[in-house]
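Shown next, in structure tokens, is the structure this report addresses.
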Amino acid sequence: MTPSLRRACLALAAATAGPATADDASLRNGFGDPYFRISSAIADCPTAAGPFATEAEVRTQAHHRSERGTACWLAGDCERPNSYAYDAGIAAAFRDALARRHPFRDSSLWVTVQGRIVTIEGCVRHARTAGELEAFAKALPKVQQAIAIVRVGPGSRVPYRVMPTR
């Protein structure tokens, strides 16, 4: 990943970080990004908001996604004209790999795939699991980057956006 692309990804993550609030009543997966739960062993783990965003956030993200999606192809890093075209296949490969191994049963985790970037959010019991999650996802074909954003242990701060409680 180029330094400028990494900065852009981190800027997007920072712009959407923080908990969703009750005012975000109309959250939606505006771009249809793959999002799914892979484990549910930790009962008090807040549901990750993943790709769900308000209408205003979706509008803000649209330009960045358009540029990022085609930049991959223009740079010769993608065979397809848009990096988001890989996401459904990456999600399917992730699920298939989980079905064969079941490596993260002692956790509560959600996966989002956006533009060849796999983000895993949720709760784990051990800090080392974050690196294991990233390595697991990064080993899949076509994955450009994997990021684990997890709460380690009960009672600690939740470092990812959560779905609002109703």
Worksheet entry | Residue order, fewest to most beta carbons within 10 Å, for Arg116, Arg37 | Arg37, Arg116
Worksheet entry | For segment 27-166: relative contact order, % (alpha-carbon pairs under 8 angstrom, 6 or more apart) | 29 percent
Discussion item. Roughly how far apart, in whole Å, are the Cα centres of segment 127-152 and segment 94-122?
Written reply: 8 Å
Worksheet entry | Likely footprinting exposure, Leu133, Leu74, fewest C-beta neighbours within 10 Å first | Leu74, Leu133
Worksheet item: By count of other Cβ within 10 Å, fewest leading, how are Ile120, Ile149 ordered?
Response: Ile149, Ile120
Item to complete: Using a/c under 1.5 as the rounded threshold, could you call segment 42-166 rounded, prolate or oblate? The axes a ≥ b ≥ c are square roots of the C-alpha gyration tensor eigenvalues, and prolate needs a/b larger than b/c, oblate otherwise.
Response: oblate
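No lab work stands behind these numbers, since they all come straight from the coordinates. Predicted, not measured: the structure shown is a model, and the values here were computed from it. Heads up, the Cβs are rebuilt from the backbone with ideal geometry, glycines too, and the neighbour counts pull from every protein chain shown.
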